[in-house]
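The structure under discussion appears below in the form of structure tokens.
The values are calculated or read from the model by the stated rules, or taken from the named source; none is laboratory data. Predicted, not measured: the structure shown is a model, and the values here were computed from it. For neighbour counting, all protein chains shown are included, and Cβ atoms are generated from backbone atoms with ideal geometry for every residue, glycine included. Just the protein is used for accessible areas: all its heavy atoms, side chains included, with ligands, DNA and RNA removed. Shrake-Rupley method; radii C 1.70, N 1.55, O 1.52, S 1.80 Å.
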Amino acid sequence: MPPGPYLVVGLGRAGLAAARALAARGDGEVRVWDEAADPPLRAWAVELREIGVDVRLGGDGIEALGDARALVKSPGAPPEIPVVAEAARRGLPIVDEFEIGWRLTPAPTVAVTGTNGKSTVSALCVAVLAAQGLEPALAGNTEFGPPLSGLSGGYPPRTIVAEVSSYQAESSPALTVDAAVFTNLTPDHLNRHRTMEAYAAAKRNLFVRGDWAVPLAAVNVNDGFGRKLADEVDRRGGLALRYGSGPDARYRIVECRWGLRDAEAVVETPDGPVRVRTRLPGAHNAANAAAVLALSDGLGLSRDATLAALATAAPVPGRFEVVPVAAPFDVVVDFAYTGDSVAKALTAARALTAPRGGRLIAVCAIVGRTGTLLGHEVGAVARRLSDHLILSGTSYRGEPRLPTLAALLGGARSVDGATLEVAIDRRAAIARAMEAARPGDLVALLGRGPTAREATDGRGSFVPRDDREAARELAERCGS
């Protein structure tokens, strides 16, 4: 651990967890700074002050840096903001909350990274490790577990499965995990990384750094970056197990089919073909299952127990999640908001509607600050792959809706395809989809996944907004 005093930058979930962990450790004064001062942050500030943490809200954070000897960065804090830049100028260690959690939690760690599929692969890893009696804890950049530093202080888990974003990996200079999975690399987070090369370099840190390589990696070699990454791991003495659908894959998907709630794939492995059953529709989920099968084999775990765990593992909420509705059509909710993930979700849905002669109705939005960069591609892909496309606005942290919606609309108008509508309000867009749906159709609500709130401004005000609840309620109204 770098020595204190510490300044934790950013008071979100990760910053809060890091501040608690460092305060409990007692190795130096802990200060926390955040530029915002909205109600949730003020409430967390009261809690931290009660355990001796100095919390400062507002300003640029440089005064809060004071005599700090290390800066602990929340993943969402960009490296160019004044306080981080000043720490770098002073030569202070700058470490992400994720690495602090890794240093404080002595347990074998499997890291899962990539643009898409991280949450599903992480959940499958947890299911497989649990089936082998390894008592895994899920942590990291996930909605379904704590930040990694949130695991410290109590009884340590036997194993950790950590979902890792590029934001975390880029500022974890000493992190050396025990195994890692790479799912894919497609355009995302370019508002932060600026270029695909920088984005890829952040992911690469989890697998190779200098002469070090992760001991075991499951790597998707359908991806050009993945092929290079696997070769780098091998050259440095690690074991890269290649999976995918191409000839380079040692775990090669040769067949897959799916229904609304189940799927089956045949994977050629070094030991011969294996039939893999899951509850996860889509070719992309066959790849996710192949990744975990490869990882499990590399860890020397029971093949039978692995296959049984994959067959029964529950789908991740908001990832091609089927919403039960009182209507003669199907509704699924998916987090897909990049061009690649939208294409995969809609392709999976199209395979379900085509045999029964139904239509695919898509409602698309993009959460977060990348909408203006991704919107054109997403709009074009969604219109090409659906029969009826409804573009909607949404806001996760107070970002304006209209610029993203304009980018989506520009992309949709650049191609021929589906009937096209626009509704700024997300609930109104879902209502329109429910009204348009006929027996045999499938309505895909994309872009928000399990998100249960919507920002109403940039000052921390939110209202409840869950696509699944809206779909159930509006489908029932349309049927009455």
(request) Any chance you could check the Cα centroid distance between segment 73-140 and segment 159-212 for me, in angstrom? (result) 10 Å
(request) Would you work out which of ALA139, ALA314, GLY237 lies farthest towards the positive end of the dipole of the chain, given +1 charges on the beta-carbon of Lys and Arg and -1 on that of Asp and Glu, about the Cα centre? (result) ALA314
(request) Name the lysines eligible as straight-distance cross-link partners of LYS73: C-alpha to C-alpha under 26 Å, and not fewer than 8 places from it in the same chain. (result) LYS118, LYS203
(request) Kindly provide log₁₀ I(q)/I(0) values, in the same order as q = 0.14, 0.20 Å⁻¹, from the Debye equation applied to equal alpha-carbon scatterers of segment 292-380. (result) -0.71, -1.01
(request) List the equivalent ellipsoid semi-axes of segment 366-480 in whole Å, largest first, each obtained as the square root of 5λ for an eigenvalue λ of the Cα gyration tensor. (result) 22, 20, 9
(request) Inverting the mean 1/r over all pairs of different Cα atoms, compute the Kirkwood radius of segment 354-396 and quote it in Å. (result) 11.4 Å
(request) Leaving ligands, DNA and RNA out of it, report the carbon-plus-sulfur percent of the accessible area of segment 381-439 at a 1.4 Å probe. (result) 50 percent
(request) Would you mind giving the average projected area, over all directions, of the Cα convex hull of segment 256-328 in nm² with one decimal? (result) 5.3 nm²
(message) Just to be sure I understand the curve: with the Debye formula and one point per C-alpha of segment 364-434, what is log10 I(q)/I(0) at q = 0.12, 0.22 Å⁻¹?
(response) -0.26, -0.85
(request) Sort all Cα-Cα distances of the chain into consecutive 10 angstrom bins from zero, then give the percent of pairs in each bin up to the one containing the longest distance. (result) 4, 19, 28, 27, 17, 4, 0
(message) Full-extension gain between SER461 and ALA88, please, as 0.36 nm times their residue separation minus the C-alpha to C-alpha distance.
(response) 131.0 nm
(message) Between ALA24 and SER414, what is 0.36 nm times their sequence separation minus the Cα-Cα distance? Round to one decimal in nm.
(response) 134.9 nm
(request) Return one whole number: the accessible area per residue of the chain in Å², for a 1.4 Å probe. (result) 39 Å²
(message) Rounded, prolate or oblate, given the Cα gyration tensor of segment 208-262, with a/c below 1.5 counting as rounded?
(response) prolate
(request) With a cut-off of at most 14 other beta carbons within 10 Å, and DSSP calling the residue loop, which chymotrypsin sites (Phe, Trp or Tyr not before Pro) in segment 296-398 qualify? Please list them. (result) none
(message) How long are the semi-axes of the equivalent ellipsoid of segment 3-160, taking √(5λ) for every eigenvalue λ of the Cα gyration tensor, in whole Å from largest down?
(response) 29, 16, 15
(request) Evaluate E = 1/(1 + (r/R0)^6) for ASP67 and ARG194, where r is the Cβ-Cβ distance and R0 equals 25 Å; express this FRET efficiency to the nearest 0.05. (result) 0.15
